[in-house]
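Everything on this sheet refers to the single structure shown next.
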Amino acid sequence: MIKRRNKKANILTENIIFIILNLVFLTILLLFLFSKIESAVVLEERYAKQIALLIDSAKPATDIHLNMEEAFNKIEKGWNINNIVTINGNIVTVKLREKGGYSYSFFNDVDVTVYPDVNNRDYIIKINGYNKNE
Amino acid sequence: MNKISQKNKRGTEKILSVYWFAVLFIIAAAIVYMVILFYGKPYDIREIEARILTNQIADCLAEEGYLKENVLGNPEFKNNFLGKCHLDFNVEDTYGWKELEQYYIRIKFYDFSQNLDLNFDISEGNINLKENCDKKGENFPFCSERNFYVLDRSNNQYTIKILSAIRKTEKNV
């Protein structure tokens, strides 16, 4: 009688271990997937290219409000929100952490100002006018 | 007999669970491989970039279907094309891009009725990109050629062909 009970307990333990191992396995897989999909590296590249294309297709005296909620959520602790997007000459840089960042150039020769709108989780891209290179 | 059959059953169960984990591992490896393949590659935006570049050049040459004055046959416009059309082909200083220009554009004007080349070509950027336009592969530029029809103020008809080539392969392919 005792032997049979022990056997049943063994089967139950084996099944529980089996289920736990499966769950651990799936959790690790899901964590890997989410870390890849929402990683800062991917976001930096996506936003830098998106902003470069927006500037390329913009005309002077245009204000573009770009929602960057994902970037605001992903920003590294201690990193200043004002430094997420910077424009140097005709190169856009998006930086969500101290070590890293992604740059992409645009060909539209315009004077651009960028600044965050923290309340709306937006970044405002202001196309002031063409640079005087004629 | 019954004991042997029970032992066999337990053995089969163990083999089954090993097999189960092997299948899980193969599936996980496939998912990881696909995710790395998808997210490891950069977004290729050169097609959109080339389209915007062509549009900007077209807007610079013509307005409301009419060729702008002082464009066709004007050497000053041709020599200072980038400035006149508000284009800046400087790129970031990575992958040796500063030494090797990443853009090329060529504009050709044709007489619409006779399809005659008017021999007023404008080209800017890295001319070597043009040579690789017909090639397909990861290290070759993306090229786009588009034509459009315009009139001048005397109602002469022209076709303008714009070829835009963008390399930037390291950041797009």
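The values are calculated or read from the model by the stated rules, or taken from the named source; none is laboratory data. As the structure is a prediction and not an experimental result, all values here were calculated from the model. In this analysis, Cβ positions are derived from the backbone assuming ideal geometry, glycine residues included, and neighbour counts consider all displayed protein chains.
Just one of the numbered conditions (1) surrounded by 18 or more Cβ atoms within 10 Å (Cβ to Cβ); (2) away from every other protein chain (no Cβ under 11 Å); (3) closer than 30 Å to B:Ala28 by Cβ is not true of A:Thr13: (1).
Scanning the stretch B:32-52 for residues that are β-branched (Val, Ile, Thr) and at pLDDT below 95 yields a total of 3.
Inclusion of B:Asn55 among residues that are within 10 Å of another protein chain (Cβ to nearest Cβ) and at pLDDT 90 or above is warranted.
Looking only at residues of the stretch A:55-74 that are more than 14 Å from every other protein chain (Cβ to nearest Cβ) and surrounded by 19 or more Cβ atoms within 10 Å (Cβ to Cβ), we find that the one that is farthest from the chain's Cα centre (by Cα) is A:Met68. Taking the listed residues A:Leu21, A:Leu53, A:Leu96, the one that is aliphatic (A, V, I, L, M) and outside the structural domain of A:Thr113 (by TED's automatic domain parsing) is A:Leu21, with no other qualifying.
Contact map, the stretch B:25-46: residues that are under 30 Å from B:Ile105 (Cβ atoms) and more than 9 Å from chain A (Cβ to nearest Cβ) paired with residues that are among the hydrophobic types (A, V, I, L, M, F, W, C) and outside any helix (DSSP H, G or I), Cβ distance under 9 Å, separation 6+ or inter-chain. Pairs shown: B:Lys41/B:Val173; B:Asp44/B:Phe142; B:Asp44/B:Val173; B:Arg46/B:Phe142; B:Arg46/B:Ile166; B:Arg46/B:Val173. With the condition kept exactly as written, say whether any residue in the stretch A:46-54 is in contact with a Lys or Arg (Cβ under 8 Å, 6 or more places away or on another chain), surrounded by 18 or more Cβ atoms within 10 Å (Cβ to Cβ) and either at pLDDT below 95 or within 12 Å of chain B (Cβ to nearest Cβ) (or both). No, the conditions are met nowhere in the stretch A:46-54. Within this structure, B:Asn139 passes the test of being within 30 Å of B:Gly40 (Cβ to Cβ), away from every other protein chain (no Cβ under 14 Å) and touching a Ser or Thr at 6+ places or on another chain (Cβ under 7 Å). Tell me whether the stretch B:104-120 contains one or more residues that are under 22 Å from A:Lys49 (Cα atoms) and part of a loop (DSSP other than H, G, I, E, B). There is no residue in the stretch B:104-120 that is under 22 Å from A:Lys49 (Cα atoms) and part of a loop (DSSP other than H, G, I, E, B). Contact map, the stretch A:40-56: residues that are without any contact (Cβ under 8 Å) to a residue 40 or more places away in the chain paired with residues that are surrounded by fewer than 23 Cβ atoms within 10 Å (Cβ to Cβ) and in a helix (DSSP H, G or I), Cβ distance under 9 Å, separation 6+ or inter-chain. Pairs shown: A:Val42/A:Lys36; A:Val42/B:Tyr39; A:Arg46/A:Glu70. Taking each residue of the stretch B:78-106 that is without any contact (Cβ under 8 Å) to a residue 40 or more places away in the chain and looking for partners that are buried (at least 20 other Cβ atoms within 10 Å of the Cβ) and of a type in the set (Ser, Thr, Tyr) with beta-carbon atoms closer than 7 Å, six or more apart or interchain, yields B:Phe89/B:Tyr103; B:Asn90/A:Ser105; B:Glu92/A:Ser103; B:Glu92/A:Ser105. Residues that are assigned by TED's automatic domain parsing to the domain that holds B:Glu76, among the aliphatic types (A, V, I, L, M) and exposed (fewer than 14 other Cβ atoms within 10 Å of the Cβ) occur in the stretch B:127-148; there is at least one. Taken over the stretch B:92-134, the criterion of being over 25 Å from B:Asp59 (Cα atoms) and in contact with a strand residue (DSSP E or B) (Cβ under 6 Å, 6 or more places away or on another chain) is satisfied by B:Glu92 alone. Of all residues being surrounded by fewer than 19 Cβ atoms within 10 Å (Cβ to Cβ) and within 14 Å of chain B (Cβ to nearest Cβ) in the stretch A:103-129, which is farthest from A:Ile75 (Cα to Cα)? Just the residue, please. Here the answer is A:Gly129. In summary, strands (runs of 3 or more DSSP E) completely within the stretch A:43-134 and bearing 1 or more residues that are under 23 Å from B:Asn55 (Cα atoms) occur at A:62-67, A:91-94, A:102-105, A:110-117, A:122-130. Restricting the stretch B:49-74 to residues that are without any contact (Cβ under 8 Å) to a residue 60 or more places away in the chain and exposed (fewer than 15 other Cβ atoms within 10 Å of the Cβ), the residue that is nearest to B:Asp88 (Cα to Cα) is B:Asp59. Would a scan of the stretch B:71-91 turn up a residue that is within 27 Å of B:Ile166 (Cβ to Cβ), at pLDDT 95 or above, assigned to a strand (DSSP E or B) and within 12 Å of chain A (Cβ to nearest Cβ)? Yes, the stretch B:71-91 contains at least one residue that is within 27 Å of B:Ile166 (Cβ to Cβ), at pLDDT 95 or above, assigned to a strand (DSSP E or B) and within 12 Å of chain A (Cβ to nearest Cβ).
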